[in-house]
Each structure stands twice: as C-alpha cells, then as structure tokens.
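Structure first, commentary second.
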Amino acid sequence: MLTLERLRADHADALLAFERQNREYFARSIPDRGDAYFAGFAARHEALLAEQAAGICHFHVVLDDEGRLVGRVNLIDVADASAELGYRIGERAAGRGVATAAVAEVCRVAGTAYGLTSLVAVTTLDNPASRAVLRRNAFTVVEDITLDGRPGVRCRRSDLGTGSSL
C-alpha cells in the first residue's frame, strides 16, 4: 500500500536522505541536481513550502506501507487550471508500479482537490520507464522537444480526477 502526502516541513529530513541515497541512480537518467542543492537543502525545502502555500505548486511525497519515503510527485507552475507534472521514484522501489500508481493518484488529486483540468509532463526518448508511466496514465504525446540536449516529448492529460486512489 502506498500513500501520497502533501509536502510538509517535517518531511525535510526524510526527503534529504531520499535524495542523497538516490543521487547516483537519478543521475543515470536525468541531470544531477548538483552539490549546491544538497548544501542548501533546508532553505530550498522552506521555499518549496512557501510556493505550495501560495498555490503556485503542489508537492507530494510517496510513502511505502512502512512509512518510508520512496518517491516524490510534484505539480509545478500551476496556472489556468493546469500544471506540469514531475516525479521521481527511488531505486529500491523502481520497477514495481510505484510511479504508475503515484502518478495516477496525483492526477486524481489534481482534479478533485486542486481544481486542475490538465497536466503536462516532459521526458526524454531514452527514458522508456518514464514514457511508460505517462502512457499508462493516459498522457498523450503532443509535441517533440529537446530536453537537456536530448530528444524528448511533451505529453498532456486532460481528464483529471478519475481513477482509483492508492
């Protein structure tokens, strides 16, 4: 059983540990956050909470059945009833449907709790796992793009608020 929780101040330590533990794993498929991210994590976490309080973004952590943080799912740049979806699942939870379930739940929450009507997401073509998560969650490709110098796609989903919860 997975749980999606809205980001809170008391998630900071677990989130920093998650990012450190998975830094090398994430860097295999997406650009590394860099040392400054980790050095300034406390201030960054506070800034994210302020953005969330202002309604600009909605940040979430994904917890496993033992309450361990195994991922994050974020909705950023909220405007005109739309937002950009981003997600990352830690290495030990990868390949078990966690990303698919977490994205499904955030799509439901985006429509029912946040009043959003559409989400966009981007991924590179050399990240088949991310593309599969989006496809399984009814995102459709709307544009070819270049992302960090690599070929990619922009996807959209417009029927939010449907589907089962975690």
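The values are calculated or read from the model by the stated rules, or taken from the named source; none is laboratory data. Owing to the predicted nature of the structure, the values given are computational and were not obtained by experimental measurement. Heads up, the Cβs are rebuilt from the backbone with ideal geometry, glycines too, and the neighbour counts pull from every protein chain shown. Heads up: the accessible areas ignore ligands, DNA and RNA and are worked out on the full protein's heavy atoms, side chains in. Shrake-Rupley method; radii C 1.70, N 1.55, O 1.52, S 1.80 Å.
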Report task. Work from the charge dipole of the chain (Cβ charges, +1 for Lys and Arg, -1 for Asp and Glu, about the Cα centre) and give the residue of 111, 134, 31 farthest towards its positive end. Result -> 134
Report task. Using θ = phi - 60° and the Karplus relation 6.51 cos²θ - 1.76 cosθ + 1.60, list the HN-Hα couplings for the stretch 62-73 in order, rounded to whole Hz, with x at every Gly or Pro. Result -> 10, 10, 7, 5, 9, x, 8, 6, 10, x, 9, 9
Query raised in the report: For the chain, what are the DSSP H helices with axial Cα length of 15 Å or more and mean Kyte-Doolittle hydropathy of at least -0.5?
Result: 41-53, 98-112
Requested in this report: Taking the Cα atoms of the chain, report the difference between the largest and smallest coordinate on each principal axis, in whole Å and largest first.
Outcome: 37, 34, 30
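Percent of accessible area on the stretch 1-64 owned by carbon and sulfur, 1.4 Å probe? Don't jump to the answer; show the numbers that get you there.
Working: 1920 of 3490 Å².
Of all accessible area on the stretch 1-64, carbon and sulfur atoms account for 55 percent.
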Report task. Mind checking which of 93, 147, 14 is farthest towards the positive end of the chain's charge dipole, using Cβ charges of +1 (Lys, Arg) and -1 (Asp, Glu) about the Cα centre? Result -> 93
Requested in this report: At 1.4 Å probe size, with every protein chain present, just tell me what the per residue accessible area of the stretch 33-155 comes to in Å².
Outcome: 47
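What's the longest uninterrupted piece of the chain once you rule out the trypsin sites (Lys or Arg not before Pro) that are loop residues per DSSP with at most 13 other Cβ within 10 Å?
Numbers: sites that count: 8, 28, 96.
Maximal segment without exposed cleavage sites: 97-166.
For the chain, what relative contact order do you get, as a whole percent, if you take Cα pairs closer than 8 Å and at least 6 residues apart? Provide the component values of the computation, followed by the final result.
Working: 274 pairs, mean separation 33.7, N = 166.
Contact order relative to length: 20 percent.
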Requested in this report: Give me the distance in nm between label points sitting 7 Å out from Cα along the Cα-to-Cβ direction at residue 14 and residue 144, one decimal.
Outcome: 4.3
